[in-house]
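Asks: Take a look at the following structure, please.
Coordinate-derived values only; no laboratory data. Everything quoted here is computed from the prediction, not taken from an experiment. Neighbour counts are summed over all protein chains in view; Cβ atoms, including those assigned to glycine, are modelled from backbone coordinates with ideal geometry.
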Amino acid sequence: MPAAFDPIDHSDDIIIEDNGRLFRSTSSSNQYALGSVGFRYGKAAWEFKLESDSSNDECSALGAATKPIL
């Protein structure tokens, strides 16, 4: 199953596009977008491409998280 960003489970200021393969933030505050494919154990790998980032702003961070995001 191809992974994508979940169209429902994300921050309010996130826009999911390109069938879940792209997300944009409309805010410079902390935002998140969760993947649509989960796992319980084993190894997993993802590839990300950061297309743009603002200089002199908060940094971008990509990684894994567990639900719920608080």
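Asks: Between a residue in the stretch 1-14 that is touching a residue at least 12 places away in the same chain (Cβ under 8 Å) and any residue that is part of a strand (DSSP E or B) and β-branched (Val, Ile, Thr), which pairs come within a Cβ distance under 9 Å, given they are 6 or more apart or on different chains?
Replies: Matching pairs, first to second residue: ALA4/ILE16; PHE5/ILE14; PHE5/ILE16; ASP6/ILE16; PRO7/ILE16; HIS10/ILE16.
Asks: Quick check on my filter: what residues within the stretch 30-50 are more than 13 Å from ASP9 (Cα to Cα) and either without any contact (Cβ under 8 Å) to a residue 12 or more places away in the chain or outside any loop (DSSP other than H, G, I, E, B) (or both)?
Replies: Across the stretch 30-50, the qualifying residues are PHE39, ARG40, TYR41, GLY42, LYS43, ALA45, GLU47, LYS49.
Asks: Can I ask one more? Give the stretch 22-45 a look and list any residue that's charged (D, E, K, R), within 18 Å of ALA65 (Cα to Cα) and surrounded by 10 or more Cβ atoms within 10 Å (Cβ to Cβ), or say none.
Replies: Passing the criteria: none in range.
Asks: Got at least one residue in the stretch 5-19 being at positive phi and either in contact with a helix residue (DSSP H, G or I) (Cβ under 7 Å, 6 or more places away or on another chain) or part of a helix (DSSP H, G or I) (or both)?
Replies: Yes; the residues of the stretch 5-19 include at least one that is at positive phi and either in contact with a helix residue (DSSP H, G or I) (Cβ under 7 Å, 6 or more places away or on another chain) or part of a helix (DSSP H, G or I) (or both).
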